[in-house]
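Enquirer: Encoded as structure tokens, here's the structure I'll be asking about.
The values are calculated or read from the model by the stated rules, or taken from the named source; none is laboratory data. For clarity, every value in this text was computed on a predicted model and none was experimentally measured. Cβ sites come from the backbone with ideal geometry, for glycine too, and all protein chains shown count toward neighbours.
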Amino acid sequence: MFEKILVANRGEIACRIMRTCKALDVRTVGIYSEADRNSLHVQMADAAHLVGPPPVAQSYLQMDRILEIAMQEQVQAIHPGYGLLSENPEFAKKCAQAGIVFIGPQADTIEQMGNKVNARMAMKHAGVPVVPGTLQPIADAETAVRFANEIGYPVMVKASAGGGGIGMQAVADDDSLRKAFAANTKRVQAYFGDGSMYLEKYLESTRHIEAQILADTHGNVLFLWERECSIQRRHQKILEEAPSTILTADQREQLRSMARNACSALGYVNAGTIECLLDPQGYLYFLEMNTRLQVEHPVTEEITGLDLVAWQLRIANGEALTIKDEDISVSKHAIECRIYAERPDTFLPSPGTITSFKRPAAPWIRHELAVESGMTVTPFYDPMIAKLIVTGDTRNQAIERLQHALHAYQIAGIHTNVPFLQTLVIHPEFQKGNTTTDFIQRHMKQ
Ligand code: ADP
């Protein structure tokens with residue numbers, strides 16, 4: 001195993017990675033911005049280095065500075081976490097050039113899957129069904145209108161370089177499409193420096209189902225079942241569960257073969273997620289692939305009993321998977337809620353100092369935290385401050401436990417979305433498992 005790694009991230013995911021490192025006896029080097037001096041991840045790291053001022057572009061995205069620290073500390077590998085540099089092929093390349101292992105897939109895989117149009121094309125070639133739509137970037141609004149009339153409205157305008165729901169809009173007629181195409185092209189050009197757009201058929205009443213995989217450098221691929229992440233606001237996940245409430249054994253088998261085909265076509269290595277949409281007719285379509293650890297990975301860990309970060313490290317170190325698909329038996333249900341520092345009425349970020357933080361404890365409750373009482377949530381980063389993960393023998397039991405846990409969850413000094421989550425998990429349609437991606441729009445006051 002590695003002796004020392006650098007964790008190129010902050011917040012709960014940096015703490016999560018360092019926890020596994022401690023368990024594996026791997027020393028950790030943390031990095032922090034001026035705004036994060038007193039953060040938990042700095043306290044947890046064996047050594048920590050300042051990388052720059054608060055904005056991420058001047059700190060956590062400073063590739064050369066991070067590599068300089070890595071060389072100085074003589075680490076063997078870098079774990080990028082999620083977000084930040086985790087899906088930046090240039091960073092993966094720079095790590096390799098510096099002789100440091102990037103804990104993730106190859107740079108060219110990251111690059112290929114990072115562009116959604118290229119990813120769709122690669123998957124189609126691999127025999128993986130993709131959401132109906134264009135396989136090439138669209139040159140202009142009129143071409144988009146022509147395609148939309150071919151595939152039929154409603155359609156979704158999407159950005160090749162998109163992520164985090166940016167540049168995505170569903171439209172139902174030519175005029176709205178023209179407007180959406182122009183506005184989103186401009187937006188993504190400014191945001192990602194790449195304005196290329198494509199179209200997908202807008203699939204109504206769908207479920208977001210994603211396959212978790214682990215692949216080693218010896219050609220072994222492990223399918224770790226699915227997560228259902230249909231509870232979303234503005235196309236962003238809020239609550240995730242595993243296994244899915246709706247997938248049949250046949251559909252799970254189909255998802256498994258989609259994931260396997262995708263991995264073998266890409267020569268994929270390390271942890272990855274194949275995101276799919278399940279339409280009301282029961283068809284699964286590839287949506288995108290995330291070439292990193294996901295925010296919601298704990299629900300998979302809870303139902304499979306595996307530590308995904310530990311496997312990421314072992315795989316990056318050249319070890320072979322010792323588990324096969326048939327060794328995975330799932331008899332539990334796990335649900336994760338993302339806790340955001342935001343006003344529950346306006347959903348706007350709510351930075352400030354946490355004056356008190358009380359959280360429930362039970363064997364079935366897991367917390368992934370970035371903060372504690374007395375700490376300040378700054379406006380510079382993603383407002384997700386914690387994740388609450390609850391496990392039960394059945395989905396009903398998990399929901400019941402989650403309801404209690406959310407009531408015992410008390411954060412003072414800042415606003416959070418906990419009241420919103422409390423309302424969500426008592427909704428009868430949620431309890432029945434009628435969770436489509438438009439759930440919040442349909443059933444919750446926003
Ligand atoms: P991003 O990478 O920006 O998060 P995704 O392509 O992963 O975007 O999509 C995020 C969410 O948006 C999906 O989980 C789904 O709810 C919705 N979505 C995306 N594409 C479609 C589509 N073609 N039809 C219906 N919903 C979609």
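Enquirer: Restricting to the stretch 1-47, name every residue that is β-branched (Val, Ile, Thr) and free of Cβ contacts under 8 Å to residues at least 60 places away in the same chain.
Expert: Once the filter is applied, which keeps residues that are β-branched (Val, Ile, Thr) and free of Cβ contacts under 8 Å to residues at least 60 places away in the same chain, the stretch 1-47 yields 28, 29, 31, 42.
Enquirer: Right, another one. In the stretch 175-199, which residues are within 15 Å of the ligand (Cβ to nearest atom), over 23 Å from residue 132 (Cα atoms) and of a type outside the set (A, V, I, L, M, F, W, C)?
Expert: 187, 191
Enquirer: Between residues in the stretch 82-98 that are in contact (Cβ under 8 Å) with a residue 60 or more places away in the chain and residues that are surrounded by 22 or more Cβ atoms within 10 Å (Cβ to Cβ) and small (Gly, Ala, Ser), which pairs lie under 6 Å by C-beta distance while being six or more apart or on different chains?
Expert: 85/8
Enquirer: Which one is nearest to residue 206 (Cα to Cα) among residues in the stretch 144-173 that are of a type in the set (Val, Ile, Thr) and crowded, with 20+ Cβ neighbours inside 10 Å?
Expert: Only one residue fits best here, namely 155.
Enquirer: Related question: Scan 99, 83 and give me the residue that is under 17 Å from residue 293 (Cα atoms) and assigned to a loop (DSSP other than H, G, I, E, B).
Expert: That would be 83, the only listed residue that is under 17 Å from residue 293 (Cα atoms) and assigned to a loop (DSSP other than H, G, I, E, B).
Enquirer: Return a yes/no flag: does the stretch 235-256 have any residue that is touching a His at 6+ places or on another chain (Cβ under 8 Å) and within 10 Å of the ligand (Cβ to nearest atom).
Expert: Yes, some residue in the stretch 235-256 is touching a His at 6+ places or on another chain (Cβ under 8 Å) and within 10 Å of the ligand (Cβ to nearest atom).
Enquirer: Of these, 205, 176, which one is modelled with pLDDT under 95 and hydroxyl-bearing (Ser, Thr, Tyr)?
Expert: After ruling out the rest, the residue left standing is 205.
Enquirer: Let me ask something else. Here are some residues: 393, 382. Which one is of a type in the set (Asp, Glu) and surrounded by 16 or more Cβ atoms within 10 Å (Cβ to Cβ)?
Expert: Result: 382 is the single residue among 393, 382 that is of a type in the set (Asp, Glu) and surrounded by 16 or more Cβ atoms within 10 Å (Cβ to Cβ).
Enquirer: A follow-up question, please. Does residue 232 satisfy the condition of being closer than 24 Å to residue 383 by Cβ, within 13 Å of the chain's Cα centre (by Cα) and within 16 Å of the ligand (Cβ to nearest atom)?
Expert: When the stated conditions are applied, residue 232 passes them.
Enquirer: State which residue is surrounded by the fewest Cβ atoms within 10 Å (Cβ to Cβ) when the search covers only the stretch 200-211 and only residues that are in a strand (DSSP E or B) and either of a type in the set (Asp, Glu) or within 9 Å of the ligand (Cβ to nearest atom) (or both).
Expert: Ranking the candidates gives 201 first.
Matching residues to (1) within 21 Å of the chain's Cα centre (by Cα); (2) touching a residue at least 60 places away in the same chain (Cβ under 8 Å):
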residue: 170; (1), (2): no, no
residue: 176; (1), (2): no, no
residue: 183; (1), (2): no, no
residue: 187; (1), (2): no, no
residue: 192; (1), (2): yes, no
residue: 202; (1), (2): no, no
residue: 205; (1), (2): no, yes
residue: 211; (1), (2): yes, yes
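Enquirer: Still on this structure: Quick one: in the stretch 89-111, of everything that is crowded, with 19+ Cβ neighbours inside 10 Å and of a type in the set (S, T, N, Q), which residue is nearest to the ligand (Cβ to nearest atom)?
Expert: Applying the filter and picking the extreme gives 109.
Enquirer: For the condition within 11 Å of the ligand (Cβ to nearest atom) and modelled with pLDDT of 95 or more, what is the one hit in 120, 146?
Expert: It is 120.
Enquirer: Continuing with this model, one more query. Return the residues of the stretch 263-274 that are within 16 Å of the ligand (Cβ to nearest atom) and out of contact with any helix residue (DSSP H, G or I) (no Cβ under 6 Å at 6 or more places or on another chain); say none if nothing qualifies.
Expert: 272, 273
Enquirer: Of all residues in the stretch 302-339, count the ones that are over 16 Å from residue 221 (Cα atoms) and free of Cβ contacts under 8 Å to residues at least 12 places away in the same chain.
Expert: Of the residues in that region, 2 qualify.
Enquirer: Residues to consider are 224, 214, 177, 135; find the one that is part of a helix (DSSP H, G or I) and touching a helix residue (DSSP H, G or I) at 6+ places or on another chain (Cβ under 7 Å).
Expert: Every option except 177 fails the conditions.
Enquirer: What pairs can you find where one residue is in the stretch 397-416 and under 26 Å from residue 242 (Cβ atoms), the other is of a type in the set (Ser, Thr, Tyr) and assigned to a strand (DSSP E or B), and their Cβ atoms are less than 7 Å apart, with a gap of 6+ or different chains?
Expert: From residues that are under 26 Å from residue 242 (Cβ atoms), the pairs are 398/391; 416/340.
Enquirer: Consider residue 224 carefully, then state whether it is among the hydrophobic types (A, V, I, L, M, F, W, C), touching a residue at least 40 places away in the same chain (Cβ under 8 Å) and more than 13 Å from the ligand (Cβ to nearest atom).
Expert: Criteria met by residue 224.
Enquirer: Continuing with this model, one more query. Only one residue in 150, 90, 68, 142 is assigned to a helix (DSSP H, G or I) and under 25 Å from the mean Cα position of the chain (by Cα), so which one is that?
Expert: Step by step, each of 150, 90, 68, 142 is checked, and only 90 is assigned to a helix (DSSP H, G or I) and under 25 Å from the mean Cα position of the chain (by Cα).
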